[in-house]
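Reading through the structure tokens given below for one structure.
Laboratory data are not the source of any read-out in this text; all were calculated from the coordinates shown. Computed from a predicted model, the values in this text were never measured in an experiment. Here Cβ is always computed from backbone atoms with ideal geometry, including for glycine, and neighbour counts include all displayed protein chains.
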Amino acid sequence: MSNGIVTVFGGSGFIGRYLVQRLAQEGWSIRVAVRHPARAAFLKPLGEIGQITPLCVPVQDHEAIAAALHDADAAVNLIGLLYEGGRQRFDAVHVAAPKAIAEAAAAKGLSAMVQVSAIGADPQAAAAYARTKGAGEAAVLQAFPKATILRPSVVFGPEDGFFNRFAEMARFAPALPLIGGGRTRFQPVYVDDVARAVVQALKDPASRGKTYELGGPRVYSFKQLMELLLKTTGRRRALVNLPFGVAKLQATFMELLPVPPLTRDQVTLLRSDNVVSEGALTLADLGIEPTTVESIIPGYLGKYRVGGQFADRMKQP
């Protein structure tokens with residue numbers, strides 16, 4: 001039985017692939033609105049024939065957005081940017097795009113919209129990433145007041161850009177940097193829990209107009225996460241304190257790379273903890289029990305282990 005039609009903007013990304021699979025299992029017909037539909041073709045086998053349809057929808061094209069929402073029942077916006085480069089700017093991706101999607105969703109009479117933002121989103125934030133995320137939330141709610149806002153902490157899973165990035169670095173680098181001493185706190189949330197939260201928000205009318213902060217069951221300092229990563233991969237590396245000022249200076253030059261490993265804006269972000277706020281609505285309010293980091297990362301960080309993925313197995317008699 002179909003739940004209706006949902007258009008997922010940015011559905012071919014990290015969170016998107018898990019969300020599309022969850023939506024397909026729930027019986028939704030899914031339109032995946034992306035810049036390059038061919039790159040979203042891998043999603044089609046996640047559903048029945050014709051259930052998942054990639055569409056070419058540049059988010060600057062308001063007519064394309066409107067067409068993608070024609071006769072749809074719900075919309076989800078997953079589009080985000082970790083750093084600026086070329087024509088990809090925070091204001092365009094985090095503010096103008098969700099505003100256009102929300103306005104089109106309202107004009108088309110959709111019953112639900114979910115905007116996936118980030119913990120720390122605040123129009124007054126010091127970091128441009130968090131500031132534009134906050135402005136995007138405000139723009140969505142102004143156009144579509146019953147939209148549900150989801151703010152995840154750092155998201156982990158097999159394709160993540162967090163644990164994979166540092167595990168790859170640990171393969172070659174003699175040390176891992178602890179920016180600001182590694183004291184910044186995070187509450188990592190499993191990617192499939194985020195996908196489940198989106199699905200639940202679409203299904204539950206009680207979530208309309210509410211904001212949820214999504215975090216895992218435990219808070220870690222950045223240093224603790226690096227220690228856990230090294231333990232999981234069986235590597236011994238020095239953890240070196242990198243003061244914020246030095247990190248920002250290094251980021252000035254790293255920003256010149258096509259894919260910068262660090263930006264000045266990210267250093268600014270690291271000055272604030274990335275954890276669920278006291279009193280916020282959470283995964284529990286959506287009926288979801290958060291998954292632990294320790295139960296998931298060994299399954300995909302094995303390829304970074306000393307001796308390879310099957311090193312432990314080879315030692316067994």
Worksheet entry | Pick from region 244-297, criterion of a type in the set (Gly, Ala, Ser) and closer than 30 Å to Pro205 by Cβ, ranking: surrounded by the fewest Cβ atoms within 10 Å (Cβ to Cβ) | Gly279
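Residues checked against (1) within 19 Å of Ala102 (Cβ to Cβ); (2) in contact (Cβ under 8 Å) with a residue 60 or more places away in the chain:
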| residue | (1), (2) |
| --- | --- |
| Gly27 | no, no |
| Val34 | yes, no |
| Arg39 | no, no |
| Ile49 | no, no |
| Asp61 | yes, no |
| Ala72 | yes, yes |
| Val76 | yes, yes |
| Gly86 | no, no |
Practice prompt. Consider Thr268 carefully, then state whether it is farther than 23 Å from Leu178 by Cα and among the polar types (S, T, N, Q).
Written response: no
Worksheet entry | region 179-191, residues that are crowded, with 20+ Cβ neighbours inside 10 Å and either in contact (Cβ under 8 Å) with a residue 60 or more places away in the chain or part of a loop (DSSP other than H, G, I, E, B) (or both) | Ile179, Thr184, Phe186, Gln187, Pro188, Val189, Tyr190, Val191
Worksheet entry | Index of the failed condition, Ile79 passing every other in (1) under 19 Å from the mean Cα position of the chain (by Cα); (2) β-branched (Val, Ile, Thr); (3) surrounded by fewer than 19 Cβ atoms within 10 Å (Cβ to Cβ) | (3)
Worksheet entry | Failed item in (1) touching a residue at least 12 places away in the same chain (Cβ under 8 Å); (2) surrounded by 14 or more Cβ atoms within 10 Å (Cβ to Cβ), with Lys44 passing the rest | (1)
Worksheet item: Residue check, Leu81 against (1) touching a helix residue (DSSP H, G or I) at 6+ places or on another chain (Cβ under 9 Å); (2) over 27 Å from Lys210 (Cα atoms), all met but one. Which one?
Response: (2)
Practice prompt. Name the single residue, out of those in region 7-41 being among the hydroxyl-bearing types (Ser, Thr, Tyr) and touching a Lys or Arg at 6+ places or on another chain (Cβ under 7 Å), that is surrounded by the most Cβ atoms within 10 Å (Cβ to Cβ).
Written response: Thr7
Practice prompt. Would you mind telling me which numbered condition in (1) under 15 Å from the mean Cα position of the chain (by Cα); (2) outside any strand (DSSP E or B) Val114 fails?
Written response: (2)
